[in-house]
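In what follows, a structure is listed as structure tokens, so that the remarks can point back to it.
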Amino acid sequence: MKIAILPGDGIGPEIVAQAAKVLDALNRHGMKIEMEYGHIGGAGYDAAGDPFPQATEKLALESDAVLLGAVGGYQYDNLPRPMRPEQGLLRIRKKLGLFANLRPALVYPELVNASTLKPELVSGLDIMILRELTGDIYFGQPRGIRVLENGERQGFDTMHYSESEIRRVAHVGFKSAMKRGKKLCSVDKANVLDTSMFWREIVTDVAREYPEVELSHMYVDNAAMQLVRAPKQFDVILTGNIFGDILSDEASMLTGSIGMLPSASLDENNKGLYEPCHGSAPDIAGKDIANPLATILSAAMMMRYTFSDEVSAQRIEAAVRSVLKQGLRTADIFEAGMKKIGCAEMGDAVVAAL
Ligand code: IPM
Ligand code: MG
């Protein structure tokens, strides 16, 4: 297996180093994972003047999977848009055709009290947000800033979804629901947007191929509310790119810390890019206090989805549970009575548990 490792910016290099330790540990137990490093985001801009350098594109295309840290940093905030770190992320998603973004929100029993919601609302929570990742207003053309006839300037973007884009991600959603609780809630804004009206029509059509899955539809404003009112009503949430961006951040807080949430972005053939849901956190970069568990759990998702290696996936996840049971906590999930440790120590603890 060949994995491209793209640490990126901010805390990216620290957290990715911990996940690499875990992959090294798997190698010591007979796996053959080859890791090659590349630059993305601000690191790409610094190294090659481009947030998604040619060399990185080549490496990503010839690898079976990509493990990514995070991108972004204050020093890049004033660069022209094409040079901004986020563009590196959007371009690699598009280039690799990673249209299906799985963001599970799982509450570990040990962290029930770390959530800002009442324990009874979130205890046992296990939902899967499936966000479409290569379409929608994120990529729609035309976009820009133009001058109107009256001389006023106007910013504009274009939201659209083609039928094939909706169908392929809907299939991923229904298949995922079949393996879980057999419930799928499609989230849109069909009461206002034509794009959403169409989305709803196509999802409803795809549902006929999955009679065992209970399909519901929800407007995105209501979904945002229901996620904090009664999150356990959901199993799989299927939604478009921009709604999924927002709802997945919201869902992450149900679990206590965004530092715990992994993600997988898959193409048609389960080639994937794996990254934590959180950002580059430049304010704590280099301090060895970041939580590497989301990145380590992303490596577990890689074993599951790209390499169909459920055993290794579960071993990594069990190791993470075990360090939590031991009372080890990084600062973001710390509570009284637990032992506060740094990023590297957390990586070592997971390797020891593994
Ligand atoms: C995410 C991030 C990205 C997105 C940004 C950094 C471009 O917020 O992965 O959720 O909006 O998709
Ligand atoms: Mg986001």
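We did not get these values from a lab; they are worked out from the coordinates using the rules stated. Only a predicted model underlies this, so the values are computations on that prediction, with no experimental measurement involved. Using ideal geometry, Cβ is built from the backbone for each residue, glycine included, and neighbour counts are taken over all protein chains shown.
Brief remarks follow.
- Relative pair counts by distance (%), Cα atoms of region 271-326, 10 Å bins: 23, 44, 28, 5
- The chain: most fluctuating residue of MET128, MET197, MET218 per GNM, C-alpha cutoff 10 Å: MET197
- Translational D in µm²/s for region 204-354 (Stokes-Einstein at 4 °C, 1.567 mPa s, Kirkwood Rh from C-alpha pairs): 75
- Scaled to the globular estimate 2.2 N^0.38 Å, the Cα spread of the chain, given as radius of gyration, is 0.98.
- Between GLU212 and GLN54, the distance separating the two model label sites (each 7 Å from Cα on the Cα→Cβ line) works out to 5.0 nm.
- Exceeding the 21 Å Cα-Cα cut-off - candidates LYS95/LYS271; LYS94/LYS287; LYS232/LYS325; LYS175/LYS271; LYS183/LYS232; LYS182/LYS232: LYS94/LYS287; LYS232/LYS325
- CYS185 long-range amide H proximity, modeled H, under 5 Å: SER216, ASP235, VAL236, ILE237, LEU238
- Rounded if a/c under 1.5, otherwise prolate or oblate - region 126-253, Cα gyration tensor axes: prolate
- Reduced Cα scattering model of region 1-120, Debye log10 I(q)/I(0), q = 0.15 Å⁻¹: -0.77
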